[in-house]
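In what follows, a structure is listed as structure tokens, so that the remarks can point back to it.
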Amino acid sequence: MTVAKEMRVVKDVTCPFCGVTCDDLEVHVEDGKIRDVKNACVLGKDTFLHHLEGLATPRIDGKPASIEACIEAAADILARAKYPLIYGLDSTELHAHRKAIELADLIGANIDHTSSVCHAPSLQAVQTVGIPSCTVGEVKNRADLVIFWGANPAEAHPRHATRYSVTVKGMFTPQGRKDRTVIHIDVRRTPTSRMADTFIQIKPHSDYEVFSTLTALVNGHDLDVSEVGGVPLQEWRDLVEVMKGAKFGILYWGMGLTMTRGKYLNVVALLRLCQELNRFTKFLGAPLRGHGNVVGMAQVLTWQTGFPFAVNMSRGYPRFNPGEFSVADLLGRGEVDAALIIAADAIGNFPAKAAQHLKSIPLIAVDPKESETTKVAQVVIPAAQAAVAAEGVAYRMDHIPLPLKKVVDSPYPSDREILDRIIARVLAKRPDDGAKRAAPLPRG
Amino acid sequence: MAKSFILITGRTTKQGRTIHLGKQAKDYIDEVSALEMNPADMEALQVKEGDRVRLRTDHGSSVVRCKKGTVPPGLLFIAYGQFVNALVGPDTQGTGMPNTKGIEVEVEKDDSG
Ligand code: SF4
């Protein structure tokens, strides 16, 4: 007798891998296993097809343990800690974000997420000068000039070009690619240069200077130099004419600006340029965001605490101070005494010294898969992977929330359930709670 | 003889794909340990495609393999991963962001076998 196989096709599935957040995937499931994925790029496809590879197992001090025992051990560590850190939260969903913030509030933790080491400088720049921006839908329908600066969407956001910005046909861009001028500006040629009409190669560390030059030219000042950033001034004059002449321009930037010298000041200079251009035409800017759902965590943290990253709850109310409460600094200075890393591989991604401190303190890792962090964590709690084995909500790079589906089952609880259970156990250990271990308020 | 360069890091399609295989997977390690260099710089350092070079900063050092790339002279590219993490310091100049791109590095041929 042959047993009939269960075959399902799940439509309109949202991909969790990058901030393009494609919501048109078709996932083919056979006997509870993902067999095929349609419409996704290779990165999205691999996210689903390899979701069972390298799965984490529940353990305490390297020994197998039940989920319940792991949650108890995690709650013990967090309830005892004096200056804990909750970090990660890129590869998960909105309800887990909310629970993580609730837990941080409860235990007086520092809470930070992957934005801190990707587009946090962009967030600081927006706090400083504001941003003229729009959704990807407007870009698709209206943009006739698209500039990618210090970004490589061809490799990091593969379907951005075909869904939103380059080849896609829109209401006022009916011919797609033919209706758009595409420019790539970077310190090196990448596959993104091949999508562009023009590639301008600038010297490393010259972005701020170039933005200032362009802004001066936009405002009618000419400069008494022959080149800026290794590029003849005439090329910058030509670019300004192209920008002013566009009907609807958008400048997308990447971590080429945020991770290099100048950091948020590079983005401040970019946003000022976009603002000045609005005296002549419609001109907008947007960061190319998102490994996973980093945008979601920044959104949720902002509407819950007022700040997008690097938040400290030790006084019982949120405080924000990059450089003090940001993860790389907290760890680099060796300040935190316990950490919960959830839905991100902190040790695999951090500067060596920061990773070293994490290895020296009680560490809890919540992750569907083994990683450099789970390898050394005292407590490992496997989770059902959001968008594959757990439902929820993710934010696209333009802040539009989209539903994540549960496509297959997992034997493990979701991030939000794990956090909820940790909260319950922490509370049970502190029956008199409400009284947070608040540091004394400064006088005056 | 060591030479100074500026090192850029970033995502590559292959890094994004092989990360799903786990960070111990050979394909992943091959991708994140490949250093792109301008052919003229390779000649000056007397290294060939596939040769090992040592990268050094004030914060640490890494041994990686050379690969001919389209980067301009004086610039190097490597995908995000453990090899570059060893070179990055934790200082963020009060921004929260470590200097992850545009890192000044010393490069020399590694003959340690
Ligand atoms: S572009 Fe991004 S969101 Fe879309 S399928 Fe690829 S990885 Fe997934």
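The values are calculated or read from the model by the stated rules, or taken from the named source; none is laboratory data. Since this is a predicted model, take the numbers as computed values, not measurements. All Cβ positions, even for glycine, are placed from backbone atoms using ideal geometry, and neighbour counts span all protein chains on display. To get the accessible areas, we keep the full protein, side chains included, count just its heavy atoms, and leave off ligands, DNA and RNA. Shrake-Rupley method; radii C 1.70, N 1.55, O 1.52, S 1.80 Å.
For the reader, a short list of remarks on this structure follows.
- Interchain or long-range residues, amide H under 5 Å from A:R396's placed H: A:L402
- Peptide A:328-334, shielding by other chains (average Cβ, 10 Å cutoff): 4
- Solvent-accessible area of segment B:3-109 (1.4 angstrom probe, protein heavy atoms only): carbon and sulfur portion equals 48 percent.
- Sites matching trypsin sites (Lys or Arg not before Pro) across segment A:190-267 that sit in DSSP coil, with at most 16 neighbouring C-beta atoms within 10 Å: A:K247, A:R261
- Computed from Cα atoms alone, the Kirkwood hydrodynamic radius reported for segment A:120-287 is 15.8 Å.
- Cα-only Debye scattering, chain A: base-10 log of I(q)/I(0) at q = 0.08, 0.12, 0.13 Å⁻¹: -0.50, -1.02, -1.14
- Mean ellipticity per residue at 222 nm, deg cm²/dmol - from DSSP H runs of n ≥ 4 across the protein assembly as shown, formula -39500 (n - 2.57): -9000 deg cm²/dmol
- A Cβ-based charge dipole, computed about the Cα centre of segment A:1-154 with Lys and Arg at +1 and Asp and Glu at -1, lands at about 100 debye.
- What segment B:3-109 shows is 41 Å² of accessible area per residue, with the surface traced by a 1.4 Å probe over protein heavy atoms.
- Note on chain A: with a GNM built from Cα contacts shorter than 10 Å, the maximum mean-square fluctuation among A:A328, A:A56, A:A428 falls on A:A428.
- Computed about the Cα centre, the dipole magnitude for chain A is approximately 300 debye when only Lys and Arg (+1) and Asp and Glu (-1) carry charge, each at its Cβ.
- Rounded to the nearest 20, the Cβ-based charge dipole of segment B:3-109 about its Cα centre (Lys and Arg +1, Asp and Glu -1) stands at 340 debye.
- Partner shielding of A:315-322 amounts to 1, given as the average count of beta-carbon atoms from other chains within 10 Å of each residue beta-carbon.
- Qualifying lysines (Cα of each under 26 Å from Cα of A:K244; at least 8 residues distant if same chain): A:K140, A:K169, A:K178, A:K203, A:K282
- Computed over segment B:3-109, the P(r) curve from all C-alpha pair distances, binned at 5 Å from the origin, holds 2, 13, 24, 24, 19, 12, 5, 1, 0 percent per bin.
- Linear extension gain, A:R333 paired with A:T128, 0.36 nm per residue minus alpha-carbon span: 71.1 nm
- Per the accessible-area calculation with a 1.4 Å probe, the total area buried between chain B and chain A rounds to 3300 Å².
- Peptide B:19-26 has a mean of 6 when you count, residue by residue, the C-beta atoms of other protein chains within 10 Å of its C-beta.
- Working note: Karplus 6.51/-1.76/1.60 with θ = phi - 60° gives segment A:163-173 the couplings 8, 10, 10, 10, 8, 4, 9, x, 4, 9, 10 Hz, where Gly and Pro are set to x.
- Cα-based Lys pair tally, chain B, threshold under 16 Å, eight or more apart or on separate chains: 10
- Residue among B:D91, B:D51, B:D30 with the largest mean-square fluctuation in a Gaussian network model of chain B, springs linking Cα atoms under 10 Å: B:D91
- Accessible area in square angstrom per residue, segment A:290-440, 1.4 angstrom probe: 36 Å²
- Model label zone, A:A424; criterion: amide N under 16 Å from point 7 Å along Cα-to-beta-carbon; scope segment A:49-89: A:67-76
- Here is the list for segment A:154-248: chymotrypsin sites (Phe, Trp or Tyr not before Pro) lying in DSSP coil, each with at most 15 other C-beta atoms within 10 angstrom of its C-beta, are A:F172.
- Selected from A:A40, A:T14, A:V29, residue furthest toward positive end of dipole (segment A:1-114; charges at beta carbon): A:V29
- Inter-centroid distance (Cα atoms) of segment A:288-337 relative to segment B:18-84, Å: 32 Å
- Here segment A:387-414 and segment A:145-209 have alpha carbon centers that stand 29 Å from each other.
- Choice from A:C274, A:C15, A:C134 showing the highest fluctuation, given a GNM over chain A with Cα pairs closer than 10 Å: A:C134
- Size of segment A:291-387 from its Cα atoms: along the principal axes, largest to smallest, the extents are 35, 34, 23 Å.
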